[in-house]
Amino acid sequence: MQELMGQMRAAMERYEMIHPGDRVAVGVSGGKDSLVLLAALAQLRTYYPVPFSLVALTADPCFGGEPGDYTAIETFCRDRHIPYVIRRTRLGTLIFEERKEKNPCSLCARMRRGILHDMAKEQGCGVIALGHHFDDAVQTFLMNLFYGGRIGCFSPKSELTRKQLWLIRPMVFCEESHIRRVAEKLSLPVVPSRCPADGATARQDTAELLTELEKKFPDLRKKVLGAMQRSHVDNW
């Protein structure tokens with residue numbers, strides 16, 4: 001955990017993600033990434049040189065028309081004195097049953113993010129922290145290239161001027177395998193995914209391709225991220 005928090009702190013300081021007095025909303029999907037982010041930020045706030053406070057937010061897609069069970073996360077947040085807000089939505093029904101989207105992930109992510117933005121503003125937050133990590137960044141870069149024919153990625157820190165919000169991704173230097181080990185070691189209350197598209201996405205295909213490519217090109221993921229930084233792709 002200490003190594004991961006060190007990587008997070010390095011990213012937060014390099015990209016000036018947090019300023020004194022920020023109220024940071026953590027987007028909590030219930031997966032390992034967002035829970036490790038929340039747990040690490042909860043510890044970091046006790047000694048980070050820039051004071052900040054936390055709020056945890058969940059936009060429940062209600063897959064199958066049924067609300068998810070986030071009881072264990074509520075307890076987790078209460079034990080750490082973190083306010084936790086859940087908003088039940090119709091995203092699952094809208095995307096999979098009404099619109100029957102063939103490629104649902106991008107639309108679902110955009111819509112869920114929009115809901116989180118509104119929730120953050122309602123909670124008086126000027127910053128939203130998301131759980132995207134090192135592997136997500138490399139995969140997104142390659143997906144934009146392979147599927148969209150463009151060079152680009154999400155940014156470690158970006159401003160939503162219309163919403164007067166900043167999006168930060170403190171785990172961009174943290175590898176997924178490390179995050180998984182931390183989640184298991186801390187016994188974090190991960191909520192099993194009920195998404196119908198889980199495990200059958202372009203991101204999963206790209207992750208598997210990277211695994212194969214690294215057998216021939218060692219450290220390919222680190223080389224891709226390094227190239228993004230040297231070229232300052234999307235403020236990297």
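Table for the structure above
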| quantity | calculated |
| --- | --- |
| Candidates 27, 92 - the one that is more than 18 Å from the chain's Cα centre (by Cα) and either within 15 Å of residue 128 (Cβ to Cβ) or buried (at least 18 other Cβ atoms within 10 Å of the Cβ) (or both) | 92 |
| Single unsatisfied condition, residue 112 versus (1) out of contact with any strand residue (DSSP E or B) (no Cβ under 7 Å at 6 or more places or on another chain); (2) basic (Lys, Arg); (3) assigned to a helix (DSSP H, G or I) | (1) |
| Failed condition for residue 64, given (1) modelled with pLDDT under 95; (2) under 20 Å from the mean Cα position of the chain (by Cα) | (2) |
| So residue 118, is it without any contact (Cβ under 8 Å) to a residue 60 or more places away in the chain and farther than 20 Å from residue 190 by Cα | yes |
| Hits in region 127-156 (condition: in contact with a Leu (Cβ under 8 Å, 6 or more places away or on another chain) and surrounded by fewer than 17 Cβ atoms within 10 Å (Cβ to Cβ)) | 151 |
| Some residue of region 69-85 being surrounded by fewer than 17 Cβ atoms within 10 Å (Cβ to Cβ), among the β-branched types (Val, Ile, Thr) and touching a strand residue (DSSP E or B) at 6+ places or on another chain (Cβ under 6 Å) | yes |
| Pick from region 165-187, criterion within 16 Å of the chain's Cα centre (by Cα) and farther than 21 Å from residue 127 by Cβ, ranking: surrounded by the most Cβ atoms within 10 Å (Cβ to Cβ) | 182 |
| Some residue of region 47-56 being farther than 21 Å from residue 109 by Cβ, free of Cβ contacts under 8 Å to residues at least 24 places away in the same chain and over 19 Å from the mean Cα position of the chain (by Cα) | yes |
| Test: residue 105 is in contact (Cβ under 8 Å) with a residue 60 or more places away in the chain and not in a loop (DSSP other than H, G, I, E, B) | yes |
| Flag if residue 160 is surrounded by 17 or more Cβ atoms within 10 Å (Cβ to Cβ), within 17 Å of the chain's Cα centre (by Cα) and either at pLDDT 95 or above or on the phi < 0 side of the Ramachandran plot (or both) | no |
| Residues of region 48-67 satisfying the condition of being in a loop (DSSP other than H, G, I, E, B) and surrounded by 21 or more Cβ atoms within 10 Å (Cβ to Cβ) | 61 |
| Counted residues, region 1-21 - those being more than 18 Å from the chain's Cα centre (by Cα) and surrounded by 18 or more Cβ atoms within 10 Å (Cβ to Cβ) | 0 |
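A quick yes/no check of all residues on (1) polar (S, T, N, Q); (2) touching an Asp or Glu at 6+ places or on another chain (Cβ under 9 Å); (3) within 20 Å of residue 123 (Cα to Cα); (4) not in a helix (DSSP H, G or I):
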| site | (1), (2), (3), (4) |
| --- | --- |
| 3 | no, no, no, no |
| 20 | no, no, yes, yes |
| 24 | no, no, yes, yes |
| 38 | no, no, yes, no |
| 46 | yes, no, no, yes |
| 76 | no, no, yes, no |
| 86 | no, yes, yes, yes |
| 93 | yes, no, no, no |
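The values are calculated or read from the model by the stated rules, or taken from the named source; none is laboratory data. Predicted model, so just to flag it, every value in this text is computed and none were measured. Every residue, glycine as well, gets a Cβ built from its backbone with ideal geometry; the counts of neighbours run over all protein chains shown.
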